[in-house]
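In what follows, a single structure is set out as structure tokens and then discussed.
The values are calculated or read from the model by the stated rules, or taken from the named source; none is laboratory data. These figures come from a predicted structure and were not determined experimentally. Every residue, glycine as well, gets a Cβ built from its backbone with ideal geometry; the counts of neighbours run over all protein chains shown.
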Amino acid sequence: MKQHYDIIIIGGGMVGGSLAAALIPAGQRLGLSIAVVEAFPMPEANSAEHQPSYDTRTTALSYGSRLIYEQIGIWPQLREHLCPISQIHVSDKGRFGATRLNAQDEKVAALGYVVENHWLGRVLMDRLTQEDAAHIDLLCPAKVTDVQSQDGLMTVSLVCAAKAQQITAQLVVMADGGRSGLREQLGIGYQQKSYQQHAVVANISPATGHDHIAYERFTDTGPIALLPLEDAALAQAVDVPSERLHRMGLIWTVPDAQIDEILQLNDEQFIARVHERFGYRAGMFIKVGERFSYPLKLSVADEQVRPGLIVLGNAAHALHPIAGQGYNLALRGVVALAAELIAAREADIPLGDIHHLTRFADRVRRDQQKTISFSDRTMKLFSNDHPLLALGRSAGLQLMDICPLAKTVFARSAMGLDQPTPDLR
């Protein structure tokens, strides 16, 4: 651990780890010193061969996020354990409208990908411990207790190996998640709106393969999404060929008033309720894993930049999972910030200078407003049971399905291909 760094990243999860990885090539060239502070032990680098876990949590990556990770240099390893989405089926329960998106029609290898969070963490960890990342120090497990601005520098107080220490930096990046205690400690307010809904998340198994199809089903009590996952191996005896269990990731939006009832259902009852809400488009479900839930809120920080400070990822914004855009939006912010920091360093501008940080904030704000507005309006539209609105949205889905141009515009936006990826070299 050094006494001073150019950049301190608080939070070594997917957002913070991606930022550090994005800065490796240019950081080495420009002599950037970077510390990543993480409260939990980092995933073990170069550990044993990955084995998909049945109940693991997952993240949907857009095709645009693939292009970002290709540029960062981790895509070849990341693709070893993920599931491509070749088709997306969007429908409205009890209505005639439906839209189908196909990767082949859009001339891309996949519309998106679904990756296990711990595999993405492993791949990022491997990248941060390679020889060309020697300018990055991983401080973990370590807990940040205070962040202060003093004499033009940021001072970070932390406890590492049971010892209280202080380090300084030109710039502190807060990527410590949506429940950021530091955000509140620093007096950064946020605008929040509750959707009065919970997301129930679980992995569920169809009897037959998913054929790489993702589903978004709108119902009168909230949307249901099913994402294709990499198959998991069943427990096996020695010298017996492994069997594979098909998996799909379920994200089920339910009203707050129903969450306790849903979580108390046994496996058989839960699967029956999913079929009642979703139908049988993905076949018959035969197994469901552990269920998790969390309240759904729209949250946006009032300040995302201060002199010497940036708030990034879920600490800056959290949105409804209806379109699966939360992490992809955060990742676009990561590469926009990396490009801005590289440009500032090349121009010999202090990394904590508020003018270039404001330029970054203005650039990503447009993307945030567009993405958040889309998810929020879609949620309102498809949660409204007014007969005329219901007829209109059903007709809209059907019209999109027969209009290739409208489908392509929608698909390119959903894939994050409606804006260029910054050059990080």
For the stretch 178-218, what are the residues that are buried (at least 20 other Cβ atoms within 10 Å of the Cβ) and not in a strand (DSSP E or B)? 180, 182, 183, 210
Exactly one condition in (1) surrounded by 14 or more Cβ atoms within 10 Å (Cβ to Cβ); (2) hydrophobic (A, V, I, L, M, F, W, C); (3) closer than 16 Å to residue 38 by Cα is false for residue 162; which is it? (1)
Pairs under 8 Å by beta carbon, first residue touching a residue at least 12 places away in the same chain (Cβ under 8 Å) and more than 11 Å from residue 30 (Cα to Cα) in the stretch 340-353, partner surrounded by 14 or more Cβ atoms within 10 Å (Cβ to Cβ) and β-branched (Val, Ile, Thr), six or more apart or different chains? 351/7
Is the stretch 260-282 home to any residue that is among the hydrophobic types (A, V, I, L, M, F, W, C), more than 22 Å from the chain's Cα centre (by Cα) and either at positive phi or at pLDDT below 95 (or both)? yes
Those residues of the stretch 20-43 which are of a type in the set (A, V, I, L, M), surrounded by fewer than 22 Cβ atoms within 10 Å (Cβ to Cβ) and assigned to a loop (DSSP other than H, G, I, E, B) amount to 32, 39, 42
Among (1) buried (at least 22 other Cβ atoms within 10 Å of the Cβ); (2) of a type outside the set (Phe, Trp, Tyr); (3) modelled with pLDDT under 95; (4) touching a Ser or Thr at 6+ places or on another chain (Cβ under 9 Å), where does residue 154 come up short? (3)
Exclusive hit being closer than 19 Å to residue 214 by Cα and either at pLDDT 80 or above or more than 23 Å from the chain's Cα centre (by Cα) (or both), set 396, 392, 326: 326
Under 8 Å by Cβ, and 6 or more places apart or on different chains, what pairs join a residue from the stretch 78-93 that is free of Cβ contacts under 8 Å to residues at least 60 places away in the same chain with one that is hydrophobic (A, V, I, L, M, F, W, C)? 78/115; 78/119; 78/120; 78/123
Could you grab me the full set of residues in the stretch 306-318 that are touching a strand residue (DSSP E or B) at 6+ places or on another chain (Cβ under 6 Å) and not small (Gly, Ala, Ser)? 309, 310, 311, 312, 317
Scanning the stretch 287-338 residue by residue, those in contact with a His (Cβ under 7 Å, 6 or more places away or on another chain) and among the basic types (Lys, Arg) turn out to be none
For the stretch 341-355, give me each residue that is among the charged types (D, E, K, R) and surrounded by 14 or more Cβ atoms within 10 Å (Cβ to Cβ). 345, 353
